[in-house]
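Colleague: Please find one structure pasted underneath; my questions will follow.
The numbers here are math on the coordinates, done by the rules we state, and not lab data. Everything quoted here is computed from the prediction, not taken from an experiment. Virtual Cβ from ideal backbone geometry, glycine too; neighbours counted across all protein chains shown.
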């Protein structure tokens, strides 16, 4: 019997990526809330797990590697977390493709695109629009414009998957590329951007949002009573 995976997280676009894929895969996991509003991710105990001091981070006690030492795997960076979880636990490829296939590498391409461009650019837009005490029109315009450009790229990606009615970023199923994008597209409304401005993305978002596992993942960690 597998032991629960430990998920160190908070209610952010990146945090939701991890909880959603754990829910979709039906894995047992324990949630340790790391309140970034109180700078808990920069505490000594957490930085021993993740030197970068960012959520999410997972600790998998079922890891079979480690040269037979049986040590748990501690992993951060959402791209690495998502890929590890499907590589390890999605043996039926419900949310992934077999290693070495074209769709495997296209999934990896779009996953890296999300973590290297979509997340950082939209994150900067969030900072300058929502959190910066001083308003910088140049920065706001720059990052809002590039955020919209990136979602236009995703609209184009969906349009190229006509054989699957443009429902998925890759092939005939949701993958970690979709889950990674969903974490951030779910927060577009905070920037007063409507994802339905892109017709295919709007349908994609509504369909993915309707999955019970996705809705459950969006409630992790549970709000404080």
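Colleague: Sequence gap at least 6, Cα distance under 8 Å: using those rules, report the relative contact order of segment 1-57 to the nearest whole percent.
Modeller: Working: 66 pairs, mean separation 23.9, N = 57.
Reported relative contact order: 42 percent.
Colleague: Listed highest first by mean packing, meaning other Cβ atoms within 10 Å per residue, what order do 154-161, 128-135 come in?
Modeller: Listed from highest to lowest mean packing, they are 154-161, 128-135.
Colleague: Follow-up. What spacing in nm lies between the two simple spin-label points modelled at residue 38 and residue 145, each 7 Å away from Cα in the Cβ direction?
Modeller: 4.2 nm
Colleague: If you count, for each residue, the other Cβ atoms within 10 Å and average over each peptide, how do 142-149, 34-41, 174-181 line up from highest to lowest?
Modeller: Most protected by this proxy first, the peptides run 174-181, 142-149, 34-41.
Colleague: Next question. Largest first, please: the extent of the C-alpha atoms of the chain along each principal axis, to the nearest Å.
Modeller: Rounded to whole Å, the extents work out to 51, 47, 33 Å.
Colleague: If you don't mind, there's one more thing I want to ask. Which whole number in µm²/s is D for segment 102-212 by Stokes-Einstein, with the Kirkwood Rh taken over Cα pairs at 25 °C and 0.890 mPa s?
Modeller: 170 µm²/s
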